[in-house]
Amino acid sequence: MNVTEHNGRITSASIFIEDHGLLTLMLQIEDNLGSNGFGGYQYDFRKVVDGHAEWSSKGCSDLASHVRQILTVFGVDRWESVGGYCRVLRDGNKILAVGHIVENKWWAP
């Protein structure tokens, strides 16, 4: 593993239903190595019960936990305020963690 630390910038913070119908969270981050998404975790899933597809929100407590951790790391109290400069830990093209630009606070799910 070749972990490097860089300054970066969060250009967007999104919570959305992706094209397969899954609830996910994504931070879009630019740094000197390019632009990458960080997140993409599946917070719900579809299960079939008696021949009918139903959505399970089993992972929504994980989503709430991740949102709270991100707000705490970046020192904001609203999701809309997540953005701006940050620190990025990478292993090549893979982002491992994002952190506050000045304080030693990190999110590494």
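The values are calculated or read from the model by the stated rules, or taken from the named source; none is laboratory data. Nothing here was measured: the structure is a model prediction, and the numbers come from that model. Backbone-built Cβ (ideal geometry, glycine too); neighbour counts: all protein chains shown.
In table form, for the structure just shown:
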{"quantity": "Subset of the range 62-89 (residues that are among the aliphatic types (A, V, I, L, M) and touching a strand residue (DSSP E or B) at 6+ places or on another chain (Cβ under 9 Å))", "calculated": "63, 67, 70, 73, 82, 88, 89"}
{"quantity": "Residues satisfying the stated conditions in the range 79-107, i.e. of a type in the set (A, V, I, L, M, F, W, C) and either over 16 Å from residue 26 (Cα atoms) or touching a residue at least 12 places away in the same chain (Cβ under 8 Å) (or both)", "calculated": "79, 82, 86, 88, 89, 95, 96, 98, 101, 102, 106, 107"}
{"quantity": "Selected residue (only one of 59, 92 is modelled with pLDDT under 90, at negative phi and out of contact with any strand residue (DSSP E or B) (no Cβ under 7 Å at 6 or more places or on another chain))", "calculated": "59"}
{"quantity": "Any chance residue 56 is of a type in the set (Gly, Ala, Ser) and within 13 Å of the chain's Cα centre (by Cα)", "calculated": "no"}
{"quantity": "The range 30-56 residues that are on the phi > 0 side of the Ramachandran plot, paired with ones that are at pLDDT below 75 and in a loop (DSSP other than H, G, I, E, B) (beta carbon under 8 Å, 6 or more apart)", "calculated": "none"}
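Here's the yes/no breakdown for (1) surrounded by 14 or more Cβ atoms within 10 Å (Cβ to Cβ); (2) of a type in the set (Val, Ile, Thr); (3) modelled with pLDDT under 90; (4) not in a helix (DSSP H, G or I):
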residue: 19; (1), (2), (3), (4): no, no, yes, yes
residue: 27; (1), (2), (3), (4): yes, no, no, yes
residue: 36; (1), (2), (3), (4): yes, no, no, yes
residue: 43; (1), (2), (3), (4): yes, no, yes, yes
residue: 47; (1), (2), (3), (4): no, no, yes, yes
residue: 54; (1), (2), (3), (4): no, no, yes, yes
residue: 63; (1), (2), (3), (4): yes, no, yes, no
residue: 69; (1), (2), (3), (4): yes, no, no, no
